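Below: one structure, written as structure tokens.
The values are calculated or read from the model by the stated rules, or taken from the named source; none is laboratory data. The structure presented is a predicted model; accordingly, all values stated were derived computationally and were not measured. Using ideal geometry, Cβ is built from the backbone for each residue, glycine included, and neighbour counts are taken over all protein chains shown.
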């Protein structure tokens, strides 16, 4: 009898354990607030910032470490054949690197890499 109860308990436990998952909301709207995370490489790969020389030419300072943890607002959501592309601007109203007002990001890949977080 003990064995039957243990097996039943374990089967119920594994069923509920597999059922719960942390899912990312598949709908994102204009005005949602996200947080920039750590870049997946030395620079952000899926949040498309311009090359370093363009940032310097516009008078900016390309320091990617200062972007970690910054709040950004979604200003535009586009559905493209390879997924959703979103346009981001800083929540505090400043420009990225003191020269770039908006950037684009591939939503699914940036979330998977941890470059953007909810």
* Asked: Residue check: is residue 84 under 15 Å from the mean Cα position of the chain (by Cα), under 18 Å from residue 31 (Cβ atoms) and surrounded by fewer than 15 Cβ atoms within 10 Å (Cβ to Cβ)?
  -> no
* Structure fact -> Listed by first then second residue, the pairs whose first member lies in region 92-104 and is touching a residue at least 60 places away in the same chain (Cβ under 8 Å), whose partner is surrounded by 12 or more Cβ atoms within 10 Å (Cβ to Cβ), with beta carbons under 7 Å and at least 6 positions apart or on separate chains, are none
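Results for (1) modelled with pLDDT of 90 or more; (2) touching a strand residue (DSSP E or B) at 6+ places or on another chain (Cβ under 7 Å); (3) surrounded by 10 or more Cβ atoms within 10 Å (Cβ to Cβ), shown as yes or no for each residue.
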{"site": "12", "(1), (2), (3)": "no, no, yes"}
{"site": "49", "(1), (2), (3)": "yes, yes, yes"}
{"site": "61", "(1), (2), (3)": "yes, no, yes"}
{"site": "110", "(1), (2), (3)": "yes, yes, yes"}
{"site": "116", "(1), (2), (3)": "yes, yes, yes"}
* Do you know which residues across region 92-118 are over 15 Å from the mean Cα position of the chain (by Cα) and on the phi < 0 side of the Ramachandran plot? -> 92, 94, 95, 96, 99, 100, 101, 102
* **Test: residue in region 75-85 that is at pLDDT 90 or above and assigned to a loop (DSSP other than H, G, I, E, B)** => no
